[in-house]
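Below is one structure, written out as structure tokens, with a few remarks after it.
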Amino acid sequence: MVNHPNPPVPTVELSNTGAESAPFIYFDGVVTGGIHHGTIRLELAAGTIVPTPDGKTKTVHVITGHLRCSPSAAAELRKAIDGALLLLTPAKGQPS
């Protein structure tokens, strides 16, 4: 048996229909998280500014998404987020 140091990554085929109608989900933070029957559950929220009757404004936090996934999908999401965060890290010799 050959030991591959970098095993091939299986390709995922994405449908060419429906991608343009998938929602964009923006959030400022995760307000709660947990598990239920082995499923990862995260509630995403964002702050919005709303007017008040006295002419001022206040910030209200609203749920923008309910994220549900398997533990393996959560690990893939974490890996993708970690990779994206690395792109924000300045290269050596670059100003931060």
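Here are the numbers for the structure shown:
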read-out: Qualifying positions in the stretch 34-47 - assigned to a strand (DSSP E or B) and farther than 15 Å from Ala75 by Cα; value: His36, Glu43, Leu44, Ala45, Ala46, Gly47
read-out: Residues of the stretch 67-96 satisfying the condition of being of a type in the set (Lys, Arg) and either out of contact with any strand residue (DSSP E or B) (no Cβ under 9 Å at 6 or more places or on another chain) or over 18 Å from Glu43 (Cβ atoms) (or both); value: Arg78, Lys79, Lys92
read-out: Residues of the stretch 63-96 satisfying the condition of being assigned to a strand (DSSP E or B) and surrounded by 11 or more Cβ atoms within 10 Å (Cβ to Cβ); value: Ile63, Thr64, Gly65, Leu67, Arg68, Cys69
read-out: Neighbours by Cβ (under 7 Å, 6+ apart or cross-chain): first from the stretch 61-90, within 30 Å of Pro51 (Cβ to Cβ); second of a type in the set (Ser, Thr, Tyr) and loosely packed, with under 12 Cβ neighbours inside 10 Å; value: Thr64/Tyr26
read-out: Matching residues, the stretch 13-33, being under 9 Å from Ala45 (Cβ atoms), hydrophobic (A, V, I, L, M, F, W, C) and part of a loop (DSSP other than H, G, I, E, B); value: Phe27
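A short reminder: the numbers here are calculations on the coordinates, not readings from a lab. Small disclaimer: the values here were computed from a predicted structure and weren't measured. With ideal geometry, Cβ positions are generated from the backbone for all residues, glycine too; neighbour counts draw on all protein chains shown.
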